[in-house]
1. How many nm separate the modelled label positions at V283 and F88, each set 7 Å beyond the Cα in the direction of the Cβ?
2. Rank these by accessible area, largest first, 1.4 Å probe: R425, R389, R224.
3. Karplus couplings for the stretch 204-221 from phi (6.51 cos²θ - 1.76 cosθ + 1.60, θ = phi - 60°), rounded to Hz, Gly and Pro as x?
4. Using per-residue counts of other Cβ atoms within 10 Å, averaged over each peptide, order 426-435, 6-15, 69-78, 22-31 from highest down.
5. With every protein chain kept in the model, how would you rank W419, W101, W241 by accessible area, 1.4 Å probe, largest at the top?
6. If I ignore ligands, DNA and RNA and count only protein heavy atoms, how much of D32 is accessible to a 1.4 Å probe, in Å² to the nearest 10?
7. Using protein chains only and a probe of 1.4 angstrom, how many square angstrom of K388 are accessible, to the nearest 10?
8. Amide H neighbours of C142 under 5 Å, at least 5 residues apart or on other chains, H built in the peptide plane: list them.
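The values are calculated or read from the model by the stated rules, or taken from the named source; none is laboratory data. What you see is a predicted model, and the numbers here were worked out from it, not measured in a lab. All Cβ positions, glycine included, derive from the backbone under ideal geometry; neighbour counts span all protein chains shown. Ligands, DNA and RNA are excluded from the accessible area calculation, which covers all protein heavy atoms including side chains. Shrake-Rupley method; radii C 1.70, N 1.55, O 1.52, S 1.80 Å.
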Amino acid sequence: MPWNRATISPVLSGKIKKHLDSLPESNAISIDIGGTLSKVIFMDNFVNDFSCFDTPSLIPYQSLWSPELSIYLPGIEANLHFFCFETFHIYDCGCFIASTWNNLHKNSLEEKYLGIRKLRATGGGSFKHGKLFRKKLSLNLCCKDEMLCTVIGMNFLIAHVDHEFYTFSNLNETFTDFSSSFISNFSGIIDFPQYFPLENIEIIFPYLLVNIGSGVSIIKVTGRTTFQRVSGSSLGGGTFWGLCSLLTNCKTFAEVIELSKKGNNHKVDMLVGDIYGGDYPIVGLDANVIAASFGKLTMRRERSETYPGFFKECQQSVYGLFWVFLNIILAMPFVGKILRENLILKKLAHEGFHNSNFKPRFHAKDLALSALRTISYNIGQIAFLNAKRFGLEGIYFGGNFVRKHPYTIASISYAVKFWSRNGMRALFSLHDGYLGALGAFLDGKDNFD
């Protein structure tokens, strides 16, 4: 088996391939087009030779490939590969699919894939951008129900992929010390339940699936294809990305995630200790528990009427002009692109905070982490309330918002633990952002007997 990737059984691999070959759409590609991100899965037969990634047409997309997520199918000597694009660049995503089409289907016995090019797609964007794919790229999207594909993708991972799900094990603290050591030790504080994969998937039902994309969908899953969307929230990954677009100069979702890893939300959030001067033991609140997200932004010092105060205001104005001119220069074509490659300027751009009055006290990295924890805690609490509503103990979280980000996972896990008083646990998937794409790839089926 190449690398240390996940694998499924040889028998199941053969059944999946046989099923895919019987379909009129592509047996190698699927796509999930969300409001913020688009996820692509394709299957290749280059187990020991990944030369397909070295071709000139694919080199620009290598940074969007997550090789650690690839799943090995030993029965047919193939791999499932996972790519993620921002939906803003959906045309580039389509070009990527078009450029790989012939290469991925060259070993197919039938020539149907080389004529009218059809592929299974899901997500709201599969309807919105269908005309673009058809007219500009000669690709026909065969749309599948988004909720069904998400549930099918999750069920398949639970039942058939080894070491797919994990829990956050170090739940004895309030997760307020998010230092660099926390990032480096993350792999040592997660647990992989040993009962996956399952021989009998029926034992997991019912469970709660919380899919965090641009928004949040909460689904009660009662069987292989039986489910109900029981709740949701408009505060999801799109909200986080939108807030950070206003508060930072990060240009991509990945940049924001990396920036937040350097932050300290205590500099931005108002804590219980800021209000009470310490713990609030009567209600069981630690001093480091967040009382108000972004609360310290309101603690603004009064302007001084003295000369030092006047010079301080002038300094703030200079800061503001600096960020304005830097943004203008970096936005320029050609010149801006070259300057953005400069690491110092890139760091300055990421640290840019548009409100010059707050610049000396608040920084982009702290605001990014505060936004991330705000959204994560809110999702964790809503998930708990719905699990309690239906008497469920297992809560599975998916969606590209998670992305194995330690702070996101810790915050959601702690929220579930806190509100349930240790009665529930949060489970996360390594392929959290690709549930819909995987369900579409499998044609909405998780049973191939």
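1. In this crude label model, V283 to F88 measures out at 3.9 nm.
2. So the residues, ranked largest to smallest area, are R389, R425, R224.
3. 8, 7, x, 8, 9, 10, 10, 9, 9, x, 4, x, 10, 10, 10, 10, 8, 9
4. Most protected by this proxy first, the peptides run 426-435, 22-31, 69-78, 6-15.
5. W419, W241, W101
6. Number for this one is 20 Å².
7. Per-residue accessible area (K388): approximately 140 Å².
8. For C142, whose amide H was placed from the backbone, the distant partners under 5 Å are L119, R120, A121.
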